[in-house]
Structure formats: structure tokens, C-alpha cells
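The values are calculated or read from the model by the stated rules, or taken from the named source; none is laboratory data. Here the structure is a predicted model, which means the values were calculated and not measured. Backbone-built Cβ (ideal geometry, glycine too); neighbour counts: all protein chains shown.
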Amino acid sequence: MKILVCMKQVPDMESKFRINDQGSWYDESDLAWRMNEYDEYSVEQAILLKEQVGEGDLTVLSIGPKRIQETMKKALAMGCDRGVHVNDVKVHEKDPFEIASIIAEFAKDKNFDMIFTGMQSQDRGSGQVGVLVAEMLNLPCITTIVDFAFDNGTVNAKRELEGGVKAKVSAQAPVLVTCQLGLNSPRYPTLPNIMKAKKKELAVVEVGDLLTVESRLETPKISLPEKKSGGLILEGEVGDLVEQLVTLLKERTTVFA
Amino acid sequence: MKTLLVAEYRDGRLLGSTYDLVAFASQLGGESAMFLVGSDSDLPQYDGTLYLADSAKYGEFNPSVHKQLLLDVIDKEQPDMVVFNHSSYGWDLAPRVALAMGAAQISEVVDIVDGALVTPVCNAKLRREIKAKTAKCVVTLQAGAFTLSGEPSGTVAVEKIECDAKSLVVFNGYEESEAGGVDLSKAEIIVSAGRGIGKPENLEIIRSLAKALKGEYGASRPVVDSEWAEHNRQVGTTGQTVSPKLYVACGISGAIQHIAGMKKSEFIVAVNTDRDAPIGEVADVLVVADLKQFVPALTERLAG
């Protein structure tokens, strides 16, 4: 069984973000980078599937500058067999249509039986890439899955809808699924597996070899949101903070009435 | 600007979020029409043409077929913009339609500024203005970002539509979340735990404060995903939507999905070590402190 999982490296969302000099994106210096949280679930699910069928070849693909190899190594240490690094120093300027085109161009003649992606990235969150890849490859696509089962070529998944309801959906492989948080429990790479991962193949492909389309979106401006007025910020010693908050709650709410 | 609004149906009912689309279209101005896979039994209140496909025949979830039904309408109406909710239905269908149209898609729009659409980046820590380079475009709207000022009104002119596209996936029905548990929507005071509690044992700190305030405790998605709290405690778009008199968010950074579920609370207190956490955007008071120290101290003060 041939499996592809697509992974993105994103900044830690707890970071303090600044705008770059051009005002077109966030400043990438001084940021800590990690695996997109949604992709941790898709990497885990791809590995679980390979373990279930007992054989196969699992490729992790990621697009970005050289620094993404660190995160790709985590995916390899978790259990992916090989990595494909699409080298692109301007990945942040690509729109979802271009990113999906790059992945589809890579995957079109590889006959993957299953493709896993996160349902969105934590930084841009368009939620488009996985669906677009599936449509470009003419594959069935099930988005936002919180439950996945594979039985003899049939994918049975549950999509998460609003308000705690799930939709039960099935399709015949090859299928692309986009993974929602909570789908499984992503494993931590063990030290022996981290060592083993260093020997796994990590091929580099230049983005120019896979990109055949032009962007459809432009970002005239990126900015920090305005702070909501009226919000009070309390800082200081815990004891003082408690007194200040209790006073405020008495003045402005009826919870002690 | 001519818009085509894609309404949603669930379990035989029109979803209220349909009116977010109407609010957005009226803010943009110009003509609009509506598309729905639903039925005559629950029609939107809207003055305009409703292209209606029968959900009994085509299913409430059937992306390849809904895409074809929609493309036929787009072909006839020639809208400049096709508008979806950024929902499990919308984010699934919109990219399929955009690709088939050769159009750009802008996801999770929260505002319109000088003709550019604004979307959140990095968990709403940044805002981004985006423009489509294509003549037509597809957009999805963040839940609650555009709302009607009054009650919806109007009468649709129904035009029935059909198609015979092939389905790539099979929809086997809905599964309700486990019954029972608490109805947080009725709670007057809620104290919620976020990822910042650090470990499951610390949920007790949150429960103690909830008890001292005679309220209920809730949780954000990561806490529920880690199985530190039951799903029926989850506040947010995929959990419960709440509007208590007091909401205390402890160690919750403020993901959009969480904020959408609690922003209508009357008074919001956030406890967070990060002064810039997005939860501060909706909080009436942001206490910059480590919840593991602050929350027990507050509980003790209230009990004493």
C-alpha cells in the first residue's frame, strides 16, 4: 500500500508575532517552528494505517525552506518511511491553489492508495489545500474526520459537524482525508526511532519542477488586530489580583447577588 | 456585485447561519440569489430566487453532486461571488466549486475593508487583507462575523433544480453526541479550562473555582481532545455555545472556534500568562497570571 501524508511546518502559535518590513507577512525571525497540529494527527493516522495493513510505503511531503527538514525528521521518527522536501523559500507567498497544484503534480503518477492531510494549517487556516488536491487528482475526499477505519479498500470515516454531531461517510480507496484535531493520539518519537530516522531518505525537489500554475490571490496587507476597547488588564501580585478581581465582579456582575 | 448564497440544511432543517450570508450580501450590496439542497418544508425567509434541490433525493451531504447542482446554477446566474459559511459543509464544498470555476477562494472572512476581504491568521493574532486575482471568487464566512440586524424576512421565489452527477462518497447518516451530561447553555456561571492547565490533575483547580462560584466547569477543545474532560463540557463551535452571566477562561488562548462559543457571555474574565493571547480580545478583564497560582487563591478568597 502506498500512502502519502502532507505536512506543514508552522510557527508556534504562542509566539509573539510581528509584521515584516513589507507589511505582507509575519516576520519569520525569532519564531519557534513546529509541526502543524492538524498534521500530527494525519501523520499518526497514516502510520496507524500502515501498521494495520502490515506492509506499505509511507511518504511524507512538505513544502518550504530548508528549516522544514527538522519537522520532517519528526514525521520520519514517528514512522514515515521517506520524505520529500519541496524546496521553496517563498512558500509563504503561495496561495492554497498553488500549494495544492504542487502536491497534485507530485502525486499524479505515483498511484497513492491513501492521502492524508490536516484539515487546515494553524497559521493560514484556509482549509482548502487537501480538498483541492483531491479534486485535482479526481479522488473522493472526506474532510474534517474524527474517526477513521480502513477495511479491505473501503474507508469508513466520521466527519465532525457543528454542535457535537458527526456524519458517517464512506468511500472506496484511493481516498484523500483531511484530519481534525482529536482523531487519534499522536505518538512521541522514541530515541531509537529518532536515530533510525536520520538514515531515512529525505529527497529534495525544487518547487520550480512542480509548480505549473499562477497564484489566484494577493495579500495587499497584513496587520495586528485592534485591541477591543474596555478590556481591563490586571497585572501584579496574585493576592492583589484576587482582591481587584473580586471587587470588579461585585461592581460589574450580579454573581454575588 | 452579484452574489450567490449557499444555504445549509441539517436533519431536515434550515440552519440559522444562512442569514449570515444574507447579512454579508447586503453589506456588499448588489443583487443576490440563493442555493439550497433542502425541501419545501423549511424555506429561508429571503426576498429573491431560491434554487432548490431536493435533499431527500440528493442527500444533505454529497459533495460531488452538490457541486454539480451548484455549478449549473452558477452557469445560469453568472455571480461575481459565491458565498458559503465557513462550516463543515462550506469548507468542504467551497474549494471543489472554486476549482471547477477556475476561481480563487478566500476562506473565513471576518470583515470587508475598502473592498478587500479580511481573514484571520495565526489564531487571529494577525489580520490579513486578501484580494482575488480572478474575475469571480468564492468566499466562506466565519460563523457570526456577519449577522442580520433584525429578524429575517421575505419570501423566496423557488426554482427547482435537478442533476444526475455521480457520487464519490456515501453518506450513511448522522451520529449524535453521547446523550446526558450537563447543559452548559443553561449555566449562569462557567469556569473553563484550557491547554494552560498543563496536566489533567489541574482540572481540579478549575472545578473547585466553579464550585466556589456555584457554577459549572467547561473546557476548551485541546482539553477534551486530550481526554482530560468529557466532550459534554466542551465550549465552542464543535461543543456547546454558551452565554452565562460570568465566564472565566483559565489558560485558554482563545482559538476562534472557542471564542465563537462563548463571546456572548455577559462578563468575561480571562486568566492567562500571555498578555497578547487572543482571548484578551473578548475579555472584559484579563488577569495576567499563572492560573495554577491565581485560581486556587481566588477560590480560597471566595470560600473564606
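Considering only residues of region A:97-119 that are without any contact (Cβ under 8 Å) to a residue 60 or more places away in the chain and touching a helix residue (DSSP H, G or I) at 6+ places or on another chain (Cβ under 8 Å), which is surrounded by the most Cβ atoms within 10 Å (Cβ to Cβ)? Steps first, please.
Restricting attention to region A:97-119, the residues satisfying the condition of being without any contact (Cβ under 8 Å) to a residue 60 or more places away in the chain are A:99-100, A:104, A:108-109.
Okay, now just the ones that are also touching a helix residue (DSSP H, G or I) at 6+ places or on another chain (Cβ under 8 Å), so A:99-100, A:104, A:108.
Values: A:ILE99: 25, A:ALA100: 27, A:ALA104: 22, A:LYS108: 12.
Step by step, filter region A:97-119, then rank; the result is A:ALA100.
State which residue is surrounded by the most Cβ atoms within 10 Å (Cβ to Cβ) when the search covers only region A:243-257 and only residues that are more than 7 Å from every other protein chain (Cβ to nearest Cβ) and not hydrophobic (A, V, I, L, M, F, W, C). Checked region A:243-257; the qualifying residue surrounded by the most Cβ atoms within 10 Å (Cβ to Cβ) is A:GLN244. Inside region B:275-288, residues that are assigned to a loop (DSSP other than H, G, I, E, B) and out of contact with any Ser or Thr (no Cβ under 7 Å at 6 or more places or on another chain) make up a count of 5.
Scanning region B:23-73 for residues that are within 15 Å of B:LYS2 (Cβ to Cβ) and of a type in the set (Ser, Thr, Tyr) turns up B:SER26, B:SER32, B:THR49, B:TYR51. Within region A:224-242, being at pLDDT 90 or above and either more than 8 Å from every other protein chain (Cβ to nearest Cβ) or surrounded by 14 or more Cβ atoms within 10 Å (Cβ to Cβ) (or both) holds for A:LEU232, A:LEU234, A:GLY236, A:GLU237, A:VAL238, A:ASP240, A:LEU241, A:VAL242. Whether any residue in region B:70-88 is at pLDDT 95 or above, assigned by TED's automatic domain parsing to the domain that holds B:ALA143, farther than 26 Å from A:CYS141 by Cβ and touching a Gly at 6+ places or on another chain (Cβ under 7 Å) is what I want to check. No, region B:70-88 has no match at all.
Where in region B:137-194 are there strands (runs of 3 or more DSSP E), lying wholly inside it, with at least 3 residues that are within 17 Å of B:GLU216 (Cβ to Cβ) and over 18 Å from the mean Cα position of the chain (by Cα)?
Values: elements: B:137-141, B:156-160, B:170-175, B:189-193.
Result: B:189-193.
Of everything in region A:121-155, what is among the polar types (S, T, N, Q) and at the interface with chain B (Cβ under 8 Å from one of its Cβ atoms)? Give them in sequence order. Correct list: A:GLN122, A:SER126, A:GLN128, A:THR143, A:THR144.
Among the helices (runs of 4 or more DSSP H) confined to region A:1-111, the ones with at least 3 residues that are small (Gly, Ala, Ser) are located at A:96-107.
Any chance region B:242-262 includes a residue that's in the same structural domain as B:PRO296 (by TED's automatic domain parsing), modelled with pLDDT of 90 or more, touching a Phe, Trp or Tyr at 6+ places or on another chain (Cβ under 8 Å) and more than 24 Å from A:VAL238 (Cβ to Cβ)? Scanning region B:242-262 turns up at least one residue that is in the same structural domain as B:PRO296 (by TED's automatic domain parsing), modelled with pLDDT of 90 or more, touching a Phe, Trp or Tyr at 6+ places or on another chain (Cβ under 8 Å) and more than 24 Å from A:VAL238 (Cβ to Cβ). From the list B:LEU70, B:LEU93, the lone residue that is more than 18 Å from the chain's Cα centre (by Cα), closer than 20 Å to B:ARG13 by Cα and in a helix (DSSP H, G or I) is B:LEU70. Taking the conditions (1) over 26 Å from A:CYS179 (Cβ atoms); (2) surrounded by 23 or more Cβ atoms within 10 Å (Cβ to Cβ) in turn, B:SER107 satisfies each one other than (1). Taken over region B:279-304, the criterion of being more than 8 Å from every other protein chain (Cβ to nearest Cβ) and within 29 Å of the chain's Cα centre (by Cα) is satisfied by B:ILE279, B:LEU291.
Look at region B:1-19: where a residue is basic (Lys, Arg) and a partner is outside any strand (DSSP E or B) and surrounded by 18 or more Cβ atoms within 10 Å (Cβ to Cβ), sitting 6+ places away or on another chain with Cβ atoms under 7 Å, you get B:LYS2/B:PRO79; B:ARG10/B:GLU60. Number of residues in region B:122-143 that are within 7 Å of chain A (Cβ to nearest Cβ), touching a residue at least 40 places away in the same chain (Cβ under 8 Å) and polar (S, T, N, Q) equals 1. Scanning region B:219-274 for residues that are touching a helix residue (DSSP H, G or I) at 6+ places or on another chain (Cβ under 8 Å), of a type outside the set (Ser, Thr, Tyr), closer than 20 Å to A:GLU14 by Cβ and not in a helix (DSSP H, G or I) yields B:ALA219, B:TRP228, B:GLY236, B:ALA249, B:CYS250, B:GLY251, B:ILE252, B:GLY254, B:ALA255, B:ALA270, B:VAL271, B:ASN272.
Count, please, the residues in region B:79-105 that happen to be within 7 Å of chain A (Cβ to nearest Cβ) and either of a type in the set (Gly, Ala, Ser) or out of contact with any Asp or Glu (no Cβ under 6 Å at 6 or more places or on another chain) (or both).
Total meeting the criteria: 7.
With respect to B:LYS292, is the statement that it is among the basic types (Lys, Arg) and either free of Cβ contacts under 8 Å to residues at least 60 places away in the same chain or part of a loop (DSSP other than H, G, I, E, B) (or both) true? It would help to see each step written out before you state the result.
Details: among the basic types (Lys, Arg): yes; either free of Cβ contacts under 8 Å to residues at least 60 places away in the same chain or part of a loop (DSSP other than H, G, I, E, B) (or both): no.
No, not satisfied.
Let's see how each residue does on (1) farther than 20 Å from A:GLN180 by Cβ; (2) modelled with pLDDT under 95; (3) in contact with a His (Cβ under 8 Å, 6 or more places away or on another chain):
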{"position": "A:ASP39", "(1), (2), (3)": "no, no, no"}
{"position": "A:SER42", "(1), (2), (3)": "no, no, no"}
{"position": "A:ALA46", "(1), (2), (3)": "no, no, no"}
{"position": "A:LYS50", "(1), (2), (3)": "yes, no, no"}
{"position": "A:VAL60", "(1), (2), (3)": "no, no, no"}
{"position": "A:PRO65", "(1), (2), (3)": "yes, no, no"}
{"position": "A:ALA75", "(1), (2), (3)": "no, no, no"}
{"position": "A:ASP81", "(1), (2), (3)": "yes, no, no"}
{"position": "A:HIS92", "(1), (2), (3)": "yes, yes, no"}
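Among the residues of region B:237-245, is there at least one that is surrounded by 22 or more Cβ atoms within 10 Å (Cβ to Cβ), out of contact with any strand residue (DSSP E or B) (no Cβ under 9 Å at 6 or more places or on another chain) and at the interface with chain A (Cβ under 10 Å from one of its Cβ atoms)? Checked against the condition, which is being surrounded by 22 or more Cβ atoms within 10 Å (Cβ to Cβ), out of contact with any strand residue (DSSP E or B) (no Cβ under 9 Å at 6 or more places or on another chain) and at the interface with chain A (Cβ under 10 Å from one of its Cβ atoms), region B:237-245 yields at least one hit. B:VAL83: outside any loop (DSSP other than H, G, I, E, B), within 19 Å of A:GLY125 (Cβ to Cβ) and in contact (Cβ under 8 Å) with a residue 24 or more places away in the chain, yes or no? Yes; evaluated as a whole, the condition is true for this residue.
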